[in-house]
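The values are calculated or read from the model by the stated rules, or taken from the named source; none is laboratory data. Source: prediction; values computed, not measured. Every residue, glycine as well, gets a Cβ built from its backbone with ideal geometry; the counts of neighbours run over all protein chains shown. To get the accessible areas, we keep the full protein, side chains included, count just its heavy atoms, and leave off ligands, DNA and RNA. Shrake-Rupley method; radii C 1.70, N 1.55, O 1.52, S 1.80 Å.
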Amino acid sequence: PFSRRNYDLSASYRVLPTVAVNAGMAWETWSRDSTERQVSTTNERTPRASIDFTGLDWVTLRASYSNGERRGNEYTPPPGDNPDFRRFDEADRNRERSSLGAEFNPVEQLTLSLTWEVGHDGYPNSQYGVQSDKSTMGAGSVTWTPSDRFSFDVGYSREDYNDLLYQLYRTGSRAATLNNPSWRWNSNVTDHINTTYAGFTAALDPGKWDSGGNISMSDATFVEAAYNPAKPTGGTAAQNLSATAISFPSVTQRLHPTSLFLRYHYSADWAMTVRYTVESFTMSDFRTQTLTPAIGTTGNTIVLNNYYQNYNVGWWTFTLSWHPSLMKYGSGRSAL
């Protein structure tokens, strides 16, 4: 159980006819059930600023920056937990975000968009648990509109994430866990996601029939490199071996959805859309590749709620929409 409150305040000032400066502040407060979670209240404030340039008819530029700070009241670890461990969604956090965006219209029929974003989450008061989460995203798209009856767009994005985690191997008594720093191990996780997409819309009979579609391909690779800052010592040979971290094979995923639609406007306010979508998903994951059913056994287990098997699926969607012209919602159409 929880409650969340959000507040936001912003202001804009045009310092020049072609330059606008924006500033704002966001506040977020979480209140959680103290019997269920380790921190009952967290407060986060995030100041932000941005600048927009519109000095040329064919160029629009925007830069933004924010730096938030989340702090909570006393952290109460549950029985059996390492008291120096912090869960990342409740831990004190410093969050920084920077972004650059540009849109170019060299000719009326062509639009080029570029985006670059950098983020960093730091956890300054977590001795164990997530320490750092860095992200970078770059994207670009091109839209071509040769006439008012046809539009085509294509784009690409690349996302990179790097996550650092500190952990401590434990076995036997609590004191043994806390008093043997050589059993500490670090995990450096990297994610790379590449997405390419394309789409089009076409007015077959303006005001009556239109159609469109899109296709995308998203490839993701997940790699975890685990290591010990120091060689594990101080325990039995078996314990020191168990405390020795190893890296794992990469995990790959591919998602490939494709969609086509046809829409008929049978009045100014009503429209009907039929859409067909196909989607395929493939994953290579060493953790689940050799799983076999096992009932009544003991030993190591793996939670399967996030295990998506490979699949190919297709489905039809029919949509009936009403957009009353008297309410200025525009002509009848169905949501894409």
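Got a sec? Which of 207, 212 is within 30 Å of residue 272 (Cα to Cα), in contact (Cβ under 8 Å) with a residue 60 or more places away in the chain and surrounded by fewer than 14 Cβ atoms within 10 Å (Cβ to Cβ)? Full working, then the answer.
Details: 212 fails: surrounded by fewer than 14 Cβ atoms within 10 Å (Cβ to Cβ).
The unique qualifying residue is 207.
Looking only at the range 49-68, filter to residues that are within 20 Å of the chain's Cα centre (by Cα) and buried (at least 16 other Cβ atoms within 10 Å of the Cβ); which one of those is nearest to residue 7 (Cα to Cα)? Give the derivation first.
Taking the range 49-68 and keeping what is within 20 Å of the chain's Cα centre (by Cα), we get 64-68.
Keeping just the survivors that are buried (at least 16 other Cβ atoms within 10 Å of the Cβ) gives 64, 66, 68.
On the way: 64: 19, 66: 16, 68: 14 Å.
It comes out as 68.
Only one of these is within 30 Å of residue 205 (Cα to Cα) and of a type in the set (Gly, Ala, Ser): 187, 113. Name it. Working first, answer last.
Working: 187 fails: within 30 Å of residue 205 (Cα to Cα).
Testing whether each residue is within 30 Å of residue 205 (Cα to Cα) and of a type in the set (Gly, Ala, Ser) leaves just 113.
I want to confirm something. Restricting to the range 134-156 and keeping residues that are part of a strand (DSSP E or B) and touching a residue at least 40 places away in the same chain (Cβ under 8 Å), which single residue is nearest to residue 170 (Cα to Cα)?
As a first pass, look at the range 134-156 and keep what is part of a strand (DSSP E or B): 134-147, 150-156.
Adding the requirement that they be touching a residue at least 40 places away in the same chain (Cβ under 8 Å) leaves 150-156.
Values: 150: 63, 151: 59, 152: 57, 153: 53, 154: 51, 155: 48, 156: 44 Å.
Only one residue fits best here, namely 156.
Considering each of 248, 281, 222 in turn, give the residue that is in a loop (DSSP other than H, G, I, E, B), of a type in the set (Phe, Trp, Tyr) and either within 30 Å of residue 171 (Cα to Cα) or touching a Leu at 6+ places or on another chain (Cβ under 9 Å) (or both). Show your work before the answer.
Working: 281 fails: in a loop (DSSP other than H, G, I, E, B); 222 fails: in a loop (DSSP other than H, G, I, E, B).
When all the criteria are applied, what remains is 248.
Looking only at the range 259-305, which residues are among the small types (Gly, Ala, Ser) and either modelled with pLDDT under 70 or open to solvent by less than 60 Å² (accessible area, probe 1.4 Å) (or both)? Let's see the steps before the verdict.
Filtering the range 259-305 for residues among the small types (Gly, Ala, Ser) gives 259, 267-268, 271, 280, 284, 294, 296, 299.
Scanning the range 259-305 gives 259, 267, 271, 280, 284, 294, 296, 299.
May I ask you to list the residues in the range 22-48 that are at pLDDT 95 or above and open to solvent by 60 Å² or more (accessible area, probe 1.4 Å)?
Matches in the range 22-48: 27, 43, 45, 48.
Checking the structure you have, find out if any residue of the range 189-204 is open to solvent by less than 40 Å² (accessible area, probe 1.4 Å), in contact (Cβ under 8 Å) with a residue 60 or more places away in the chain and over 25 Å from residue 87 (Cα atoms).
No - not one qualifying residue is present in the range 189-204.
Considering only residues that are over 30 Å from residue 113 (Cα atoms), touching an Asp or Glu at 6+ places or on another chain (Cβ under 8 Å) and of a type in the set (Ser, Thr, Tyr), which ones fall in the range 29-86?
29, 40, 42, 75
Restricting to the range 157-170, what's the tally of residues that are crowded, with 16+ Cβ neighbours inside 10 Å and in a strand (DSSP E or B)?
8
Would it be correct to say that residue 73 is under 24 Å from residue 95 (Cα atoms) and loosely packed, with under 13 Cβ neighbours inside 10 Å? Spell out the reasoning first.
Working: under 24 Å from residue 95 (Cα atoms): yes; loosely packed, with under 13 Cβ neighbours inside 10 Å: yes.
Taking the combined requirement at face value, the residue satisfies it.
Tell me, yes or no, whether the range 91-105 has at least one residue that is at pLDDT below 95, part of a loop (DSSP other than H, G, I, E, B) and either open to solvent by 30 Å² or more (accessible area, probe 1.4 Å) or touching a helix residue (DSSP H, G or I) at 6+ places or on another chain (Cβ under 7 Å) (or both).
The answer is no, given that none of the residues of the range 91-105 is at pLDDT below 95, part of a loop (DSSP other than H, G, I, E, B) and either open to solvent by 30 Å² or more (accessible area, probe 1.4 Å) or touching a helix residue (DSSP H, G or I) at 6+ places or on another chain (Cβ under 7 Å) (or both).
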